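*Asks:* One structure follows; several queries about it will come next.
The values are calculated or read from the model by the stated rules, or taken from the named source; none is laboratory data. Just so it is clear, the structure is predicted and the values come from calculations on it, not from any experiment. No Cβ is skipped: glycine too gets one built from the backbone with ideal geometry, and neighbour counts run over all protein chains shown.
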Amino acid sequence: MRLLLDCGMYQGPRAEEDEFNQWVPVDDVKQIDAVILSHGHLDHCGKLPVLISAGYTGPIYCTPATAEVARIVLEDSAEIQEENADYLNNRARDPSAPKVKPLYTRKDVHDVLKQIRRVKYGEKTMILSRDGKEGPNFTFFDAGHILGSAYVWLETLDNGKPRTLLFTADIGRYNTPILRDPQTLPGAANWVITESTYGNKQHGDIAAVEPQLLDAVKTCIANRSRLLIPSFAVGRTQTVLWYMEKFINEKLIPRIGVYVDSPMGVEVSRVTCEHTDNYDEQSRAMIAATGSFCSSLVTFASSTQQSKQINNDNGPCVIIASSPTCEFGRILHHLTHSVENPKDMIVFVGWIPPRTLGRRLQDGEKRVRILDRWYDVRCQVRTIHGLSAHADGDELLRFLGPTLKPQTQAFVVHGEVDQAEGFARRLLAAGIGGATVPAIDTSFFTSADGPVPPSGTSPTKTDND
Ligand SMILES: [Zn+2]
């Protein structure tokens, strides 16, 4: 039986991106029996259309909320692929040059959606092989990372002995708004494939986020100015919205204009509203008390026209728009209106990758180029840490606590070298039987007595959010 755990897109420098994302082992694809999808982030689901185009015809298992999030993310990704190909073809000087094809199109995404099978949290599901034989069982548990996210608990028989494999995918933080905490592991696993995005780091305190955000909003209210929050459309936008509605509902601030200006942010917010069964108790209590979340307190701008209308609001108001890097998306137009105004403020809600406009602003550069013009940066710029969607090293160890046992062998993936290797060392110090950072394209074999230690040492490719 062959299972694929996630099928994500690599995001990085263009040449590397093309190489990784176009590569598919076609012969192997036809032998895959099932795909298990942990959540809807692009680096976990983004290559599914490529897999289907290469001939995969089996089921793609995911939670109901992930099915919705993955649809929105994949459709957006297909649109970007098509636009990029159009742009490159229009720019080509030689009309006889071969046309650039998009990696995939919206039609390919439609084909992916037909193969999705929705499985609820906690529902043990047997996987059938392509020829109908009974295979291992898997169960989704809440990973607390984004809406619908799951870690996977796989149970199988290995030479008659029961064996378990835990695939953490991405694990969220504890005590974050909206989402539940990562669910406690059902027990110790024989094998663990764990993420390590921030495995060797410590995040800021989540409790510090609320007063920092409130102070920023109050400053803009006092100045009658605009507060811009460049944000990821999936997850972070909804978290910031949750705080805004809380501030208004608890009368910590008066009712002011709050805008979500991103078509994908609007859609994911709508899906978030529909999946209240995924919320933690505090968020459910908030809805019960106020009857609202993603409510009339917020203006959602899907169309370009709605986006332009936001410019008529000179403040006080809060505008949440993608993208956090400020390299593309609607945030750019809002920046051109605010960046030279000393009363306006930009608040970054997380780490911004280097060599991007967002990072230059975050680092305090005094003159920046936005779209086609240079601007002096006169507005205030702040950063609020602590809103990461990923557990840090301590939180990952807390989550893996029940399986930090001598019989467990861990494979540490989804992290830069220093994070993955640092976290592997922490796992060993905490008493796990073995911890390896596998190289790309490495195979592992087990014997009846347990896993055979592998030999790779370089990390897998990943990206952060
Ligand atoms: Zn993720």
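Here's the yes/no breakdown for (1) touching a strand residue (DSSP E or B) at 6+ places or on another chain (Cβ under 6 Å); (2) under 25 Å from residue 42 (Cα atoms):
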{"residue": "196", "(1), (2)": "yes, yes"}
{"residue": "200", "(1), (2)": "no, yes"}
{"residue": "209", "(1), (2)": "no, no"}
{"residue": "216", "(1), (2)": "yes, no"}
{"residue": "220", "(1), (2)": "yes, no"}
{"residue": "224", "(1), (2)": "no, no"}
{"residue": "230", "(1), (2)": "no, yes"}
{"residue": "234", "(1), (2)": "no, yes"}
{"residue": "239", "(1), (2)": "no, yes"}
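*Asks:* Select from region 301-323 the residues that are of a type in the set (Ser, Thr, Tyr) and farther than 23 Å from residue 218 by Cα and list them in ascending order.
*Replies:* 302, 303, 304, 307, 323
*Asks:* Continuing with the same structure: Only one of these conditions is not met by residue 187: (1) small (Gly, Ala, Ser); (2) within 25 Å of residue 408 (Cβ to Cβ); (3) in contact with a strand residue (DSSP E or B) (Cβ under 7 Å, 6 or more places away or on another chain). Which number is it?
*Replies:* Unmet for residue 187, out of (1) small (Gly, Ala, Ser); (2) within 25 Å of residue 408 (Cβ to Cβ); (3) in contact with a strand residue (DSSP E or B) (Cβ under 7 Å, 6 or more places away or on another chain): (3).
*Asks:* Let me ask something else. Being over 16 Å from residue 107 (Cα atoms) and either crowded, with 24+ Cβ neighbours inside 10 Å or of a type in the set (D, E, K, R) (or both) is the filter here; which residues of region 64-84 pass it?
*Replies:* 65, 66, 68, 69
*Asks:* Among the residues of region 209-258, what is the count of those that are among the hydroxyl-bearing types (Ser, Thr, Tyr) and modelled with pLDDT of 95 or more?
*Replies:* Final tally of qualifying residues: 2.
*Asks:* Shifting gears a bit: Look through 87, 61, 56 and report the one residue that is surrounded by 13 or more Cβ atoms within 10 Å (Cβ to Cβ) and farther than 18 Å from residue 140 by Cβ.
*Replies:* 56
*Asks:* Which residues, taken from region 318-360, are within 21 Å of residue 209 (Cβ to Cβ), touching a helix residue (DSSP H, G or I) at 6+ places or on another chain (Cβ under 8 Å) and not in a loop (DSSP other than H, G, I, E, B)?
*Replies:* Within region 318-360, 318, 319, 320, 321, 345, 346, 347, 348 qualify.
*Asks:* Do any residues in region 406-431 that are over 14 Å from residue 171 (Cβ atoms) have Cβ atoms under 7 Å from those of residues that are of a type in the set (Phe, Trp, Tyr), where the two are at least six apart or on different chains, and which pairs are they?
*Replies:* What qualifies is 409/191.
*Asks:* Filter region 367-393 down to the residues that are loosely packed, with under 14 Cβ neighbours inside 10 Å and either in a loop (DSSP other than H, G, I, E, B) or not assigned by TED's automatic domain parsing to the domain that holds residue 344 (or both), then identify the one that is farthest from the ligand (Cβ to nearest atom).
*Replies:* 378
*Asks:* Look through 322, 302 and report the one residue that is surrounded by 22 or more Cβ atoms within 10 Å (Cβ to Cβ), in contact (Cβ under 8 Å) with a residue 12 or more places away in the chain and over 17 Å from residue 379 (Cα atoms).
*Replies:* Criteria check complete, one pass: 322.
Rundown of residues vs (1) among the small types (Gly, Ala, Ser); (2) in the same structural domain as residue 422 (by TED's automatic domain parsing); (3) at positive phi; (4) within 16 Å of the ligand (Cβ to nearest atom), yes/no style:
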position	(1), (2), (3), (4)
153	no, yes, no, no
156	no, yes, no, no
159	no, yes, yes, no
162	no, yes, no, no
173	no, yes, no, yes
186	no, yes, no, no
194	no, yes, no, yes
215	no, no, no, no
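*Asks:* In addition: Checking residue 112 against (1) in contact with a strand residue (DSSP E or B) (Cβ under 9 Å, 6 or more places away or on another chain); (2) of a type outside the set (Asp, Glu); (3) outside the structural domain of residue 62 (by TED's automatic domain parsing), only one condition comes out false. Which one?
*Replies:* (3) is the only condition that residue 112 fails.
*Asks:* Do you know which residues across region 319-351 are farther than 20 Å from residue 370 by Cβ and out of contact with any Pro (no Cβ under 7 Å at 6 or more places or on another chain)?
*Replies:* Matches in region 319-351: 351 only.
*Asks:* Related question: With respect to the numbered conditions (1) at positive phi; (2) modelled with pLDDT under 95, which one is the sole condition not fulfilled by residue 447?
*Replies:* (1)
*Asks:* Tell me the strands (runs of 3 or more DSSP E) entirely within region 135-198 that contain at least 1 residues that are over 30 Å from residue 210 (Cα atoms) and free of Cβ contacts under 8 Å to residues at least 40 places away in the same chain.
*Replies:* Filter on region 135-198 gives 150-158, 161-169.
*Asks:* Still on this structure: When you scan region 122-146, how many residues do you find that are on the phi < 0 side of the Ramachandran plot and more than 16 Å from the ligand (Cβ to nearest atom)?
*Replies:* 16
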